[in-house]
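*Asks:* Please see the structure below; I have some questions.
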Amino acid sequence: EAGVVQSPRYKIIEKKQPVAFWCNPISGHNTLYWYLQNLGQGPELLIRYENEEAVDDSQLPKDRFSAERLKGVDSTLKIQPAELGDSAVYLCASSLSGGSSYEQYFGPGTRLTVT
Amino acid sequence: EDKVVQSPLSLVVHEGDTVTLNCSYEVTNFRSLLWYKQEKKAPTFLFMLTSSGIEKKSGRLSSILDKKELFSILNITATQTGDSAIYLCARYGGATNKLIFGTGTLLAVQP
């Protein structure tokens, strides 16, 4: 079974530029998550989707971050414009359901460097 | 927000040693606690714990939860260099029922 797929794996951009990350969850997983992980910290949730609906986006900085999951399968996370402090690893995860009975499986992440 | 605290922050051991990693949490409406191993990329799932006192085991790794004292431990016996990683603890619960992670324990196993 294929795992969670993310691309690109690495991205270097200059500040004020836009950037987008893509995620394809495990087949059959209805719930998709985007996390931000800073160095030396655990992942922090940015947004959770149940199918195509964003059910928790309270931690997403909406002035510059946006996300979509139009068909309820793959998802895109965008930052526009990027700031130096956005340098981090962006992880995508998926699970069968958003309930607490189901473990989340993570993708390899995209390491973003903003210069 | 409810915290997840892991200790120690880092640990250096030699192959063959046994290690115990700690995770304590504060949360209302606790649902479950999860352990992940993170090497250079994605966190990989190890265990999910929902009931106190029931040990979960996978090879040389085992974990147990104490819901009364609000902590969990992850044990690794006969450590190998391949066990070197960051071990993350996370809990479901709270008002939003989302997964909250600790900062992790960095384990280095020397030959």
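*Asks:* Quick check on the exposure proxy: order B:K37, B:K56 from fewest to most C-beta atoms within 10 angstrom.
*Replies:* By the 10 Å Cβ count, ascending: B:K56, B:K37.
*Asks:* With all distinct Cα pairs included, what does the Kirkwood hydrodynamic radius of the protein assembly as shown come out to in Å, to one decimal, could you say?
*Replies:* Over the protein assembly as shown, the inverse of the mean reciprocal pair distance is 18.1 Å.
*Asks:* Mind checking B:35-42 for the average number of partner chain beta-carbons within 10 Å of each residue's beta-carbon?
*Replies:* 4
*Asks:* Another one. What number results when the radius of gyration of region B:4-110, computed over Cα atoms, is divided by 2.2 N^0.38 Å?
*Replies:* Output field value: 1.02.
*Asks:* Here's something else I'd like to know. Of A:L91, A:L39, A:L77, which is the most mobile in a GNM of chain A whose springs link Cα atoms less than 10 angstrom apart?
*Replies:* In this elastic network of chain A, the residue with the biggest mean-square fluctuation among A:L91, A:L39, A:L77 is A:L39.
*Asks:* Among the lysines, which fall within straight-line cross-link reach of B:K67, defined as a Cα-Cα distance under 20 Å, with same-chain neighbours fewer than 8 residues apart omitted?
*Replies:* Within the straight-line limit of under 20 Å, B:K67 reaches these lysines: B:K3, B:K56, B:K57, B:K98.
*Asks:* Using only the Cα atoms of chain A, each taken as one equal point scatterer with no solvent, compute I(q) by the Debye sum, divide by I(0), and report log10 of the ratio at q = 0.10, 0.12, 0.13, 0.21 Å⁻¹.
*Replies:* Normalising to I(0) and taking log10 leaves -0.26, -0.37, -0.44, -1.15.
*Asks:* Convert each backbone phi in region B:21-38 into a coupling constant with the Karplus relation 6.51 cos²θ - 1.76 cosθ + 1.60 (shift: θ = phi - 60°), then list the ³J(HN,Hα) values in order as whole Hz, x for Gly and Pro.
*Replies:* Values, residue by residue: 9, 10, 9, 10, 9, 10, 7, 8, 6, 5, 10, 6, 10, 10, 10, 10, 10, 10 Hz.
*Asks:* OK, next. Amide H to amide H under 5 Å from B:F47: which residues, 5+ apart in sequence or cross-chain, H placed 1.01 Å off N in plane?
*Replies:* The answer is B:W35.
*Asks:* Could you calculate the FRET efficiency of A:L70 with B:T96 from 1/(1 + (r/R0)^6), where r is the beta carbon distance between them and R0 is 30 Å, rounded to 0.05?
*Replies:* Efficiency computed from Cβ-Cβ geometry: 0.80.
Coordinate-derived values only; no laboratory data. Values in this document were obtained by computation on a predicted structure and should not be read as measured data. Cβ sites come from the backbone with ideal geometry, for glycine too, and all protein chains shown count toward neighbours.
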